[in-house]
Each structure stands twice: as structure tokens, then as C-alpha cells.
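This report concerns only the one structure given below.
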Amino acid sequence: MLEQLLGLIEQNSQEAIVQNPAIPNSQNEEVMQTLLGSITGGLQNQAQSGNIQGLLGLLSGNSGTSSNGLMNNPIVSSIATNAINAIMQKFGINSSAASGIVASVLPGVIGSLISKVSNSNDSSLDFNSVLGGLLGGGTNQAAAPQASGFDFNQIGYAMADGKLDMNDLIRVGGSLMGGSGKSDSGQQQQGGLDLGGLLGGLFGGK
């Protein structure tokens, strides 16, 4: 995932970073790497703190994909704040300039990430490779589903296609990463997720 994300950052940074007189050319790559770290760190924090519902909503496009919609998303807003602070601290750029860089680059990067992940015909990234890698603490796509113990593609693509929404997910699945290892009925959960109840409710009645 890191390589794909860095590629998306490079694609969206020509004007905001490469042609920005506030950033010496020798620091262009380092600024992009700083943005990469803020994005991956922010997504990983969300995943490992249990906000899988929020990440599924974001990556499936259910949170809106316009620039304003993305920047108002709490996950993206948190990433933006961290990125602005990191750029200011590392490169001595003032708040206005750092905010401008992030506002110019981040929506395009996240929007492109959503397009890739939510498109079942794009094999470069999917819900398993992103969420599984984040939950596993790494970005190894091949090991991602095993790291998470759950096939996120089933739910993610259904959300992207409009077959279910966040309310469905909340109603049926409850807190994806919360709770104990077993449901009230004693059914084994993985990472607090009642797999049988979730999949049965989401797909059995639709």
C-alpha cells in the first residue's frame, strides 16, 4: 500500500509541492514522505483503535468524494491536522503555507485511494489489502486478509455498490472491533467481530 499511496501523492503534488517556491527542490521528496507518514499513520490509528466502520464508510465512498466532503470527514480531518503540524515542524513552513499544501494534495490522494479500493475491477488495492494491512500493523497485501482474519471485501464492495449503508453495518454488526471474543450466544468472534451474525444479517436478508 505504501508504494501505491506514494504514487498518488506524487500525482497530486506537482503544483502544491514541486512548483511551490516555499519548498526547496531538495525537500520535495521529503515533504511527500511526510504526507505519506501522516496518511498511513492516521489510517492505522483509526483501524487499531477500532473505527473499522468509519474506515469502511470512507473507503467505500459512503462519506462523499468531493473535496469539501472528504476534508469534513473526521478521519481525513485528523490526518490533515497531523500532516500540517508535521510539515510545519520539519520544514519551518508557516501554518498558512502548510495548510495550503495539505488542502491541495490530501483530497486528491484520498479520493484516488477511494476510487481504487472501492473498484472491484482494480486489483492494485482492495479493502482486504488496506484494512487487513492496517490492522496487522503492516502493509503486506498478501498477508492482509490473514492478519485481520476477515474478508472486508464482502462488506466494502456491497457498501460501494449501494447495497448497504453504515446504518446496516451498525445495526447488524454493532461495534466491529469492540466487545469480547464471543457474542452473547457464545459464537466465536474475530477481533470482536461476530462474523456469522454480521454476514448472515447483511447478506441473508438482502
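Please treat every number below as a calculation from the coordinates, not as lab data. Only a predicted model underlies this, so the values are computations on that prediction, with no experimental measurement involved. Using ideal geometry, Cβ is built from the backbone for each residue, glycine included, and neighbour counts are taken over all protein chains shown.
Results, tabulated for the structure shown:
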quantity	calculated
Relative contact order, percent, segment 2-165 [alpha-carbon distance under 8 Å, six or more residues apart]	24 percent
Cα-based shape type of segment 2-165, given that a ≥ b ≥ c are square roots of the gyration tensor eigenvalues and the cut on a/c is 1.5	prolate
Point-to-point label distance, Val18-Ser49, nm (Cα→Cβ direction, 7 Å offset)	3.4 nm
Karplus-derived HN-Hα couplings along segment 106-121 (A = 6.51, B = -1.76, C = 1.60, θ = phi - 60°), whole Hz, x at Gly and Pro	4, x, x, 5, 5, x, 5, 4, 4, 4, 6, 5, 7, 8, 5, 8
